[in-house]
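*Asks:* One structure coming up, written as structure tokens, with questions to follow.
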Amino acid sequence: MRIGLIADDDSYFRMAMSAILTRQLGFSRIMEVGSLDEALECLDQNSDVSAALFDLSMPGMKTPTNLRIVRESFPHARVAVVSGSQSRRDILLSLEAGVHGYVPKSLSIPELTGALQTVLDGSLYVPALLADVEAPSEDELPTETGQGEPNEVDPAFMLTRRQREVLDLLIKGKSNKEIALALKLGEGTVKVHLAAIFRHFGVNNRAAAAVAGMRACLEDLHLIKTH
């Protein structure tokens, strides 16, 4: 049984994509969500998802770099961006994050179906328009910091609303189980969000993330008071 996930805040487009996946590409079940947080929770609760499609403009996405945590946390799923953006920056950041393809929404139905088939067959799909789009300047294309130095924030990897909620509870000393109960999430989903938080602050453990998070909160309060 082939199961797919469509993450897009446009319900009509989700309906169209669902039809393509079921009628043309042999999927028997499609799950639909409208935000990145919902997509992460859905993937955590459904380990048999074989393909996940993401829109870049839905709530929580902020930057294509957020897709890296999807690839790292759910390595068995084929992940592709299906987006209205034809920005070279978005395409390159998505591919750099490790997605298996970048599919423009502007493609015709046969072209879109063929692009998704390429991804499902195990190949990387890169849109032909990439060669025609003007290259960005260096300051428009952020460089990944990788592991980074402790407490060095990676500006390319922004936290979602749910990840900020997890961080708030982490700062308060809550365990993964307590965070999961408070936010009504699975513990696996909490671990996914924690991994994103670690990457954001360039740290590799809970204590360092809590310290970095507290420091960021204090800096925000200082900025508010001085304005």
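The values are calculated or read from the model by the stated rules, or taken from the named source; none is laboratory data. These figures come from a predicted structure and were not determined experimentally. All Cβ positions, glycine included, derive from the backbone under ideal geometry; neighbour counts span all protein chains shown.
*Asks:* Quick check on Leu53: is it in a strand (DSSP E or B), touching a strand residue (DSSP E or B) at 6+ places or on another chain (Cβ under 7 Å) and surrounded by 15 or more Cβ atoms within 10 Å (Cβ to Cβ)? Spell out how you get there, then give the answer.
*Replies:* Details: in a strand (DSSP E or B): yes; touching a strand residue (DSSP E or B) at 6+ places or on another chain (Cβ under 7 Å): yes; surrounded by 15 or more Cβ atoms within 10 Å (Cβ to Cβ): yes.
For Leu53, the condition - in a strand (DSSP E or B), touching a strand residue (DSSP E or B) at 6+ places or on another chain (Cβ under 7 Å) and surrounded by 15 or more Cβ atoms within 10 Å (Cβ to Cβ) - is met.
*Asks:* Determine whether segment 96-119 contains at least one residue that is polar (S, T, N, Q), part of a loop (DSSP other than H, G, I, E, B) and at pLDDT below 90. Talk me through it step by step, then tell me what you get.
*Replies:* Start the filter on segment 96-119 by keeping residues that are polar (S, T, N, Q), which leaves 106, 108, 113, 117-118.
Going one step further and asking which of them are part of a loop (DSSP other than H, G, I, E, B), we end up with 106, 108.
Narrowing further to those that are at pLDDT below 90: none.
No, every residue in segment 96-119 fails to be polar (S, T, N, Q), part of a loop (DSSP other than H, G, I, E, B) and at pLDDT below 90.
*Asks:* With the structure loaded, tell me whether Glu96 is acidic (Asp, Glu), surrounded by fewer than 16 Cβ atoms within 10 Å (Cβ to Cβ), within 16 Å of Tyr125 (Cβ to Cβ) and more than 12 Å from the chain's Cα centre (by Cα) or whether it fails that test. Full working, then the answer.
*Replies:* Details: acidic (Asp, Glu): yes; surrounded by fewer than 16 Cβ atoms within 10 Å (Cβ to Cβ): no; within 16 Å of Tyr125 (Cβ to Cβ): yes; more than 12 Å from the chain's Cα centre (by Cα): yes.
Taking the combined requirement at face value, the residue does not satisfy it.
*Asks:* Please tell me if Asp44 is within 20 Å of Ala196 (Cα to Cα), out of contact with any Asp or Glu (no Cβ under 7 Å at 6 or more places or on another chain) and in contact (Cβ under 8 Å) with a residue 60 or more places away in the chain.
*Replies:* Numbers: within 20 Å of Ala196 (Cα to Cα): yes; out of contact with any Asp or Glu (no Cβ under 7 Å at 6 or more places or on another chain): yes; in contact (Cβ under 8 Å) with a residue 60 or more places away in the chain: yes.
When the stated conditions are applied, Asp44 passes them.
*Asks:* What are the pairs, 6+ residues apart or on separate chains, where a residue within segment 52-75 that is assigned by TED's automatic domain parsing to the domain that holds Ala39 has its Cβ under 8 Å from a residue that is surrounded by fewer than 20 Cβ atoms within 10 Å (Cβ to Cβ) and aliphatic (A, V, I, L, M)?
*Replies:* These pairs meet every condition: Lys62/Met158; Thr63/Met158; Thr65/Met158; Asn66/Met158; Ile69/Ala195; Glu72/Ala195; Ser73/Ala195.
*Asks:* So which pairs qualify, if the first residue must be in segment 81-110 and not assigned by TED's automatic domain parsing to the domain that holds Met58, the second must be modelled with pLDDT of 95 or more and in a loop (DSSP other than H, G, I, E, B), the Cβ gap must be under 9 Å, and the two must be at least 6 apart or on different chains?
*Replies:* If the second residue must be modelled with pLDDT of 95 or more and in a loop (DSSP other than H, G, I, E, B), no pairs are left.
*Asks:* Looking only at segment 22-50, count how many residues are closer than 21 Å to Gln117 by Cβ and not in a loop (DSSP other than H, G, I, E, B). Reasoning before the result, please.
*Replies:* So in segment 22-50, the residues closer than 21 Å to Gln117 by Cβ come out as 22-32, 48-50.
Cutting the leftovers down to not in a loop (DSSP other than H, G, I, E, B) gives us 22-23, 29-32, 49-50.
Summing the residues that are closer than 21 Å to Gln117 by Cβ and not in a loop (DSSP other than H, G, I, E, B) in segment 22-50 gives 8.
*Asks:* Please go through segment 76-91 and give me each residue that is out of contact with any helix residue (DSSP H, G or I) (no Cβ under 8 Å at 6 or more places or on another chain) and modelled with pLDDT under 90, ordered by number.
*Replies:* Matches in segment 76-91: Ser87 only.
*Asks:* To continue, here is another question. Looking for something at pLDDT 80 or above and either of a type in the set (Ser, Thr, Tyr) or not in a helix (DSSP H, G or I) (or both) - is there at least one such residue anywhere in segment 129-151? If you could, list the steps in order and put the result at the bottom.
*Replies:* Keep residues of segment 129-151 that are at pLDDT 80 or above, which gives none.
The answer is no; no qualifying residue exists.
*Asks:* Let me ask something additional. Looking at segment 179-196, can you tell me whether even one residue there is basic (Lys, Arg), at pLDDT 85 or above and surrounded by 18 or more Cβ atoms within 10 Å (Cβ to Cβ)? Can you show your working first?
*Replies:* Step one: of segment 179-196, the residues basic (Lys, Arg) are 184, 191.
Then keep just the ones that are at pLDDT 85 or above; that gives 184, 191.
Keeping just the survivors that are surrounded by 18 or more Cβ atoms within 10 Å (Cβ to Cβ) gives none.
No, the conditions are met nowhere in segment 179-196.
*Asks:* What are the pairs, 6+ residues apart or on separate chains, where a residue within segment 200-216 that is farther than 24 Å from Pro64 by Cα has its Cβ under 6 Å from a residue that is buried (at least 20 other Cβ atoms within 10 Å of the Cβ)?
*Replies:* Hits for this filter: Ala210/Leu170.
*Asks:* Just give me the residues in segment 31-43 being more than 20 Å from Gly84 (Cβ to Cβ) and either surrounded by 20 or more Cβ atoms within 10 Å (Cβ to Cβ) or in contact with a Lys or Arg (Cβ under 8 Å, 6 or more places away or on another chain) (or both), in sequence order.
*Replies:* Residues of segment 31-43 that are more than 20 Å from Gly84 (Cβ to Cβ), as a first pass: 31, 37, 40-43.
Matches in segment 31-43: Asp37, Leu40, Glu41, Leu43.
*Asks:* On to the next question. Return the only residue of Met17, Met1, Met61 being of a type in the set (A, V, I, L, M, F, W, C), in a loop (DSSP other than H, G, I, E, B) and surrounded by 19 or more Cβ atoms within 10 Å (Cβ to Cβ).
*Replies:* Numbers: Met17 fails: in a loop (DSSP other than H, G, I, E, B); Met1 fails: surrounded by 19 or more Cβ atoms within 10 Å (Cβ to Cβ).
Testing whether each residue is of a type in the set (A, V, I, L, M, F, W, C), in a loop (DSSP other than H, G, I, E, B) and surrounded by 19 or more Cβ atoms within 10 Å (Cβ to Cβ) leaves just Met61.
Okay, residues lined up against (1) charged (D, E, K, R); (2) touching a Cys at 6+ places or on another chain (Cβ under 9 Å):
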residue: Ala7; (1), (2): no, yes
residue: Met17; (1), (2): no, no
residue: Arg23; (1), (2): yes, no
residue: Gly34; (1), (2): no, no
residue: Glu38; (1), (2): yes, no
residue: Leu43; (1), (2): no, no
residue: Asp48; (1), (2): yes, no
residue: Met58; (1), (2): no, no
residue: Leu67; (1), (2): no, no
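*Asks:* Output yes when any residue across segment 40-63 is more than 16 Å from the chain's Cα centre (by Cα) and not polar (S, T, N, Q), and no when none is.
*Replies:* Yes, segment 40-63 contains a residue that is more than 16 Å from the chain's Cα centre (by Cα) and not polar (S, T, N, Q).
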